[in-house]
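Trainee: Here you go, one structure.
The values are calculated or read from the model by the stated rules, or taken from the named source; none is laboratory data. Nothing here was measured: the structure is a model prediction, and the numbers come from that model. Glycine gets a Cβ as well: all are built from the backbone with ideal geometry, and neighbour counts include every protein chain shown.
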Amino acid sequence: MNLFAKKPLDRLLAESQGVGEKGGGLKRTLSATSLVALGIGAIIGAGIFTLTGVAASTHAGPALVYSFVLAAIGCAFAGFCYSEFSTMIPIAGSAYTYAYATMGELLAWIIGWALILEYAVGAATVAVSWSATVASILSDFNVKIPQALLASPFDMMPGKVNLVAVIVVAGISTILIVGVQESARFNAVIVFIKVAVVVLFIVVGYFYINTSNYTPFVPPNTTGEFGAFGWSGVLAAAGQIFFAYIGFDAVSTAAQEAKNPKRDMPIGIIGSLAVCTVLYILYSVVLTGVVNYKDLNVAAPLAVAVDRMNGLPWLGKLMKFGSLLGLTSVILVMLLGQSRVFYSMSRDGLLPKVFSDVHPKFHTPWRSNLMLMIFVSFGAAFTPIAQLGNLTSIGTLFAFVLVCLGIIIMRKTDPDLPRPFRTPWVPVLPILGVLINFLLMLGLGALTWAAFLIWMAIGLGLYFSYSRFHSRLLS
Ligand code: ALA
């Protein structure tokens with residue numbers, strides 16, 4: 001049995017056209033606009049609403065804007081590579097599928113396993129942030145949720161079980177089971193509201209900028225250690241706010257549901273990333289201009305900034321509500337992406353068939369959604385947000401590295417395959433993508449690496465005890 005057996009491209013492409021599907025597979029319902037909305041829905045969330053302030057106040061100061069540019073470059077390089085793959089192999093499964101075609105089954109399994117960190121653990125991370133935001137909104141109305149139901153036992157302010165996070169995961173899973181068309185509509189409305197809120201903040205905040213907050217723009221290093229302001233601080237902050245960009249690649253998991261994947265996937269992936277990059281850059285300039293970076297080490301930096309805009313208390317409440325909706329759509333897209341990756345892995349025999357059972361009426365992989373709901377709820381209920389967030393980032397960066405490598409390999413192994421979208425400057429651009437994203441991985445620290453390696457070891461155990469013996473490539 002060959003661990004590096006690749007999935008034949010003709011078989012992949014036949015699957016993308018629905019050949020061999022019984023009773024109808026996933027429906028092709030998503031337009032280019034829905035795909036951009038899907039991307040933005042996954043991107044703008046806990047990263048921008050919570051991590052921005054912490055990164056500015058502990059690492060970068062006003063130079064946070066450089067961190068956003070830097071992280072965007074790493075993401076853009078990966079985004080080009082994702083686009084090339086998603087037009088060449090427009091089926092569900094994203095990076096997992098691409099690895100199966102280029103680097104063989106074992107690496108495909110490894111990347112699929114890493115994607116669980118991105119999507120499932122990512123959903124749990126944002127669910128925890130959702131829970132904190134709900135608590136904050138309710139406390140504005142003097143309604144207090146007991147701490148026992150708001151945090152895990154391992155948090156700095158410990159609770160018993162984060163029940164609020166479990167409730168949102170269960171609710172969104174139900175929506176996903178009912179159908180992706182309905183989910184896409186729901187997502188589009190939320191995306192409109194949250195983008196409107198961010199734009200409103202930028203436009204109104206512009207008039208409250210105090211330019212003295214920009215001096216010094218790159219605060220000098222304070223302790224001589226890496227990351228404590230100065231240029232190394234800009235780098236450290238880039239690693240931290242990388243989380244804010246995660247999600248544009250989720251668009252590629254919906255390729256099998258796109259009406260016209262060849263044209264629309266690059267629009268969805270690069271379009272959503274570009275919109276968010278512009279918003280993030282403007283947002284960070286306004287945020288650090290309205291509030292001095294030293295005052296931003298808080299859970300809700302947005303609220304602090306709005307408080308400085310005298311006479312606009314309604315805006316603060318609106319912001320919190322908008323950010324809550326924003327977090328909701330992130331969870332939705334993450335859960336959607338994960339169930340689609342499971343779908344592909346199961347169709348290939350690497351996971352049990354139950355992960356690809358499509359509901360006869362709703363046409364969604366409902367059993368997969370249910371199991372995912374249990375797994376994600378468990379993570380959100382009992383794990384602190386910092387650990388969840390770092391694990392999400394390392395899994396995502398690892399997938400980015402492999403996708404960039406895959407483009408270089410594929411140009412050599414299948415140079416003549418039709419590529420409706422071509423990554424520019426190959427191999428320079430993908431190599432830079434590998435380097436930048438690997439550097440960001442290194443910045444995530446020893447604890448995260450340890451957890452990542454343990455997770456990978458469990459995955460390999462599963463592969464060698466189950467998946468390789470059930471692989472469809474054997475048939
Ligand atoms: N980018 C997503 C967020 O910030 C994961 O919540």
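Trainee: Pairs please, first residue from region 222-248 and more than 12 Å from Leu51 (Cβ to Cβ) and basic (Lys, Arg), second anywhere and within 16 Å of the ligand (Cβ to nearest atom) and in a helix (DSSP H, G or I), Cβ atoms under 9 Å, 6+ apart in sequence or on different chains.
Mentor: none
Trainee: Related question: Restricted to region 41-58, and to residues that are surrounded by fewer than 24 Cβ atoms within 10 Å (Cβ to Cβ) and over 28 Å from Ser83 (Cα atoms), which residue is nearest to the ligand (Cβ to nearest atom)?
Mentor: Result: Val54.
Trainee: Taking Gly316 as meeting all but one of (1) closer than 12 Å to Val197 by Cβ; (2) within 23 Å of the chain's Cα centre (by Cα); (3) surrounded by 18 or more Cβ atoms within 10 Å (Cβ to Cβ), write down the number of the exception.
Mentor: Status for Gly316: all satisfied but (2).
Trainee: Further, regarding this structure: The conditions are (1) more than 17 Å from Val169 (Cβ to Cβ); (2) away from the ligand (no atom under 16 Å from the Cβ); (3) of a type in the set (S, T, N, Q), and Ser368 fails exactly one of them. Which is it?
Mentor: Ser368 satisfies all of (1) more than 17 Å from Val169 (Cβ to Cβ); (2) away from the ligand (no atom under 16 Å from the Cβ); (3) of a type in the set (S, T, N, Q) except (1).
Trainee: Out of Val358, Val304, Val298, report the one residue that is in a helix (DSSP H, G or I), surrounded by fewer than 24 Cβ atoms within 10 Å (Cβ to Cβ), away from the ligand (no atom under 16 Å from the Cβ) and not polar (S, T, N, Q).
Mentor: The unique qualifying residue is Val304.
Trainee: Specify which of the listed residues (Phe438, Phe469) is part of a helix (DSSP H, G or I), within 20 Å of the chain's Cα centre (by Cα) and not charged (D, E, K, R).
Mentor: Going through Phe438, Phe469 in turn, the sole match is Phe438.
Trainee: I need the full set of residues from region 6-40 which are buried (at least 24 other Cβ atoms within 10 Å of the Cβ) and either assigned to a loop (DSSP other than H, G, I, E, B) or modelled with pLDDT of 85 or more (or both), in order please.
Mentor: Hits for region 6-40 are Ser34, Leu35, Val36, Ala37, Gly39, Ile40.
Trainee: Of all residues being small (Gly, Ala, Ser) and surrounded by 24 or more Cβ atoms within 10 Å (Cβ to Cβ) in region 320-348, which is farthest from Lys194 (Cα to Cα)? Just the residue, please.
Mentor: Looking at the filtered set, the residue picked out is Ser344.
Trainee: Pairs under 7 Å by beta carbon, first residue over 17 Å from Ser393 (Cβ atoms) in region 41-66, partner more than 10 Å from the ligand (Cβ to nearest atom) and of a type in the set (D, E, K, R), six or more apart or different chains?
Mentor: If the second residue must be more than 10 Å from the ligand (Cβ to nearest atom) and of a type in the set (D, E, K, R), the pairs left are Ser57/Lys294.
Trainee: Taking into account only those residues within region 198-221 that are surrounded by 13 or more Cβ atoms within 10 Å (Cβ to Cβ) and among the hydroxyl-bearing types (Ser, Thr, Tyr), which is farthest from Asn310 (Cα to Cα)?
Mentor: Tyr214
Trainee: Which one is surrounded by the most Cβ atoms within 10 Å (Cβ to Cβ) among residues in region 369-417 that are modelled with pLDDT of 90 or more and of a type in the set (S, T, N, Q)?
Mentor: Step by step, filter region 369-417, then rank; the result is Thr396.
Trainee: Scan region 420-429 residue by residue and report those that are surrounded by fewer than 17 Cβ atoms within 10 Å (Cβ to Cβ) and in contact (Cβ under 8 Å) with a residue 40 or more places away in the chain.
Mentor: Matches in region 420-429: Pro420, Arg422, Pro424.
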